[in-house]
Each structure stands twice: as C-alpha cells, then as structure tokens.
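Below is one structure, written out as structure tokens, with a few remarks after it.
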Amino acid sequence: MSSSSPKGLSRIAANRLHKELKEWQMNPPAGFKHKVSDNLQRWIVEVNGAPNTLYENETYYLQVDFPENYPMEAPQVIFTHNPPLHPHIYSNGHICLDILYDSWSPAMTVSSICISILSMLSSSTEKARPVDNDRYVRNCRNGKSPKETRWWFHDDKV
Amino acid sequence: MMVEEETEQEVDAAISVYGADCTVICRFPPHLLVRLQPRTANDVSQQFVEAVLMIQANSKYPEEPPMLELKDTKGLEDAKATRILSDLRDLASDLASNPMLVAICEKALDSITEMNQPDGNCCFCIEPLVMENKFTIMKLISCFHCFHSECFIRWWRWMLQGRGLDVSDLFLALQLEEDKDSVASCEKLLEQTEVNCPVCRKAIHPHDLASVWGALFVDNGQEDEIVPDAEVIFSKSERERKAKFDTLFKVQQDRGGIVEPKKLEVIVPGMFVSVPSTRATESGSGLATASFELPESSSLSASAVECESSQQDNILLSQGRQHVLGAETISDNGRIPKSGGRGLNQPRVRYGRQVNRGGTRRGNWVRRDRGTGLNE
C-alpha cells in the first residue's frame, strides 16, 4: 500500500485487494499471471491469448490501477506496451468494455474483469484497430484516463 | 375408492397445515406445490434460503412414493438442494403405503430451517457472511443475495452521493415529514434513486432496505471519508443551531451580503474552501479567516468573485451553510464543478449512465464534454 500518496487506497480498499490477491494466488484465472510486486494499488497482469483464437501464443500486459474507493469505483484497466489488435482496443491501450465503466459493480473482481477481457479477445474475428482509433488516441494525448471517456457501447458480439 | 378418500383427507390436512403456502394442482392423484420457508417466526429478513417443493404422485399413491422436486430455490447451493431432495426421497420410500404428504413437507421444512444460513462471501469485502447478530447480514428479498449490512450501507451511501443526493439532507427531509414508517421512507428514497443488486442487477425493493434503514444514517466510524455523525447532526441542539444560521443566512442573502460560489467560479485567495483534513497542509492560510460580520456597503455580484481577488474579506459564508468543497471535486483546470449539495459530503461528480443490464457490451467511444458550456 502506497501510504505516502494522498490518493492511496482506503483501508477498506486495501483489505479487499489483499483478499483478491490471496484468492488469485490460490486460484488464478486461466491464461493470466500476476506480476509480483509490492504495489497493491497497481497490478500488472500478463495475458496469454487463448488457444484456437486469433491471439493464440501471444502475450500482452494489462495494467490495473485501483482508485482510493475501490470497489465502489471501478479500477482503471488498460493494456501496456503493445496492445492487441482488436476492434475495441485502442492503440494507446484503452479498452472499450462496459463493465470497466458504466456497468461496473462492486461484486466484480480483477479476476472477473480478466475473464471478460479474454473472452472479448477470444470472440474477435479480425485483428484490427477500432475505426475511430486515430481520432480517439489524439484526443487522449495528455495521458487522459479511459474512465474520463464517455463510451458508447453498442456491440454485443465481439 | 377408500384409498382415494384417504388421500384426499391427506391433501386437506396439508392445506390446513400450510394454508396459503400450499397450492393444490390436483387432489387425486395428489399434485401439490408447497412453499418452503425456514421457520424464523415469520421474520422474513432472517430467511436466507427458500424453495418450492413439488410433490406429484400417480394413481398408485401411496403404494408408489410420489415424485419430488425442488423448484425456485433461492440462496440454496445446488449441493444443499440435492441433499435435501435425496433425504426426502429416502423418507418417501420408507413411508410407502402410509400417508406421507405432511410428513414429507415437515421434513423438508426442518432441512431448510437447518440450512438457513447465507452462503459464501459478501461481494463487497469478500469476507465470509457469518451471522454475529440479527443485523450483521442483510438479504435482498427478490434475489436472496446477502451482504454485510455495513458493506451494503457504505455502497448505498456512495451511490446516493454519486447521484448528488446527500444522505443527511434526505434523512432530515424525511424526518420532517414525521415519517415513522421505514418502508414508506425507503420507497421515497428509491423513487429518487434507482438501485440495483450489485450481484444480479435486479431492482432493489423498498422492503430490502427497511432492514438496514436505521443503519444507513449512522456513522460506522470506519470511513476514511468525512461522514457526519448522525447523533450529532440530528441532535436537537444541532438542528436549532442550523435553523438559527439558516435564518441568518437568509437575512444576509436578502441584504445582498452573501456571495455564493457559483458553479463556474474560480477559487480565489481568501475564499472559504474547506479541504479534507488529510490535505490540510496544502490549504492556504486564508482558510481560517472566514469572517462572520456583515459588511455595510457590500453588494458584490457573483461575477466579482472571479476578478476581484483583493476583496477577499467581503466573501461571507454562514457557518450553518458552509459550501464545503472537497479538494477532489475541483477539476484539473482549476474550475469547480456544480456545487449542488450542502452537507459535509460534497457529492462526487459522476457521469455514468444507468447500469446496463445483461451481459457485457463493447463498442466505440464518444467524446465526453466535461462540464458542458464551460468555455463558451
């Protein structure tokens, strides 16, 4: 827990994350690895593309940042380094997935988020950036968080 | 014929024992639905499991035991339901050739009472749901999802704040109406904010909240945020004090002596801005100087605040109605978002729409225009 920062985790958030991490270590979601670090507030998660999908044998990294009021508030989840080519993943790593924003519920966990993201990857039929990628990424140049974007969720399939 | 008569008597007995919980689909051969609720002396809030037992016999009853099924189970793990059912089937074959309808129902009620515990963990804190007393755990009536009352309340307050509603103000409003009926109060509250179960997103029923109603407004002392202590806030002396300052505030307002921070204003030196205690070191020295006198010549307009930083002493705020702005509500361009709430908890500014029901959805983005009309 980064106690020096004024926006550190609340006691409740830290307790909950300890629990989640413990549960993760005992029962990690298939295809994911938590990179060990002493920072509870930022998790780096390795994602391995599922077999028999477009992303088979590919490795990506998710960065999960928890707000002070987690789990009331959703964590910020983005891909770092080279984000996968996917119609709902922007080249700056932002992911258009409703449960990360409007549809977040405190009953969700990092593990359930990871499973949703992997299922989103697995159901993709083409490796392509979103059509509005350039416009969006330009708009986010100043390190804007995807949580500040007003997302429009329309696609139930991919 | 004798058998049929005896069997019909059995059905009548079941009807008289279970009353409205017993639905007779057919008297002979007997086909019944019996609603199973744990025996908790009708305290619905303490029932964490529920099921409907279907008993369907054929014309060879009671030589041949009836078919038994559990339907509409709530709060009951599959393994537990299977166990209840196999026990009941054993009992039915033991009792073959004897009247058994009521005996089966009684056994089922015993089992379900025995298993009347919330299953698993609280979804908020991932800690096990262990009953310490009647109030530690609450259940949503429509879906039977259970939570620690404390966790649920914290979340509910958060939801209310996110929608710009202040719990203390709401409570005062409801109290003034002398509304003693908590269910009616919950209904009123739910009219203003739709809240769904965090697990299954089913709409929350007023009766669900009635069991935690009292607790909603009490400070549990564990929040990191500033939560006003309900006992202090609702005490007689505090209400009198608030009323007194409200009157004074109104007088000052009428005389034009009050300059209220408007939503598009910039914070200027000397302006009274309360900062959460954790960030007190960052706050300016002007904080402590909120003066309480009424200036003779003052008729400052709101726009003056933006440019006249030197006239800081003219900015007055009634202590009863401080416009407290949490530091986190000031957006990065230095402007203050709409300051709607008046309580100690400045509502968090949230832009989200109503939660989507059903599965996850993905798509494109549209630009979020923060604070529409900020820069015309």
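Between B:V130 and A:T80, how high is the FRET efficiency from 1/(1 + (r/R0)^6) when r is the Cβ-Cβ distance and R₀ = 41 Å? Nearest 0.05.
Between B:V130 and A:T80 the formula returns 0.55.
What do you get when you divide the Cα radius of gyration of the range B:1-112 by 2.2 N^0.38 Å, with N the number of residues?
1.04
Please name the residues of the range A:57-102 whose accessible area, counted over protein heavy atoms with a 1.4 angstrom probe, falls by no less than 40 Å² between the chain alone and the full protein assembly.
Residues meeting the cut-off: A:N69, A:M72, A:D98, A:D102.
Given contacts defined as C-alpha pairs under 8 Å and at least six residues apart, what's the relative contact order of the range A:11-144, whole-number percent?
Relative contact order comes out at 21 percent.
List, by residue number, every residue in the range A:136-154 with a reduction of 50 Å² or greater in accessible area between the chain on its own and the complete protein assembly, 1.4 Å probe.
Residues shielded by partner chains are A:E148, A:R150, A:W152, A:F153.
Over 22 Å between Cα atoms, which of B:K71/B:K107; A:K147/B:K188; B:K139/B:K202 qualify?
Flagged as over cut-off: A:K147/B:K188.
Which FRET efficiency, nearest 0.05, do A:H18 and B:R83 yield, Cβ-Cβ r, R0 41 Å?
The formula returns an efficiency of 0.75 here.
Kindly report the accessible area of the range A:11-144 per residue (heavy atoms of protein chains, probe 1.4 Å, no ligands, DNA or RNA), in Å².
44 Å²
Given labels modelled 7 Å from the Cα in the Cβ direction, how far is it in nm from A:T59 to B:E114?
Each label point is offset 7 Å from its Cα along the Cβ direction, giving 5.2 nm.
Pop out the carbon and sulfur fraction of the accessible area of the range A:11-144 as a percent, whole number, probe 1.4 Å.
The value for the range A:11-144 is 49 percent carbon and sulfur by accessible area.
Once both axes come from the Cα atoms, what is the angle between helix A:110-122 and the longest principal axis of chain A, in degrees from 0 to 90, rounded to 10?
Tilt of helix A:110-122: around 10 degrees.
Note the buried accessible area between B and A here, summed over both chains, with a 1.4 Å probe, in Å² to the nearest 100.
Interface area, both chains combined: 3800 Å², rounded to the nearest 100.
Express in Å², to the nearest 10, the accessible area of B:R89 obtained by rolling a 1.4 Å probe over the protein heavy atoms while all chains stay in place.
110 Å²
Give, as a single signed number, the net charge of other residues whose beta carbon lies under 12 Å from the beta carbon of B:L68, with Lys and Arg counted +1 and Asp and Glu -1.
Residues close to B:L68 contribute a combined charge of 0.
Compute the projected area of the convex hull of the Cα atoms of chain A, averaged over all viewing directions, and report it in nm² to one decimal place.
Approximately 9.4 nm², given one-decimal rounding.
So, in Å, what gap is there between the alpha-carbon centers of the range A:103-141 and the range B:1-54?
If you average the Cα positions of each part, the centres end up 51 Å apart.
The values are calculated or read from the model by the stated rules, or taken from the named source; none is laboratory data. All values reported here derive from a predicted model rather than from experimental measurement. In this analysis, Cβ positions are derived from the backbone assuming ideal geometry, glycine residues included, and neighbour counts consider all displayed protein chains. Surface areas here come from the heavy atoms of the whole protein model, side chains and all, with no ligands, DNA or RNA. Shrake-Rupley method; radii C 1.70, N 1.55, O 1.52, S 1.80 Å.
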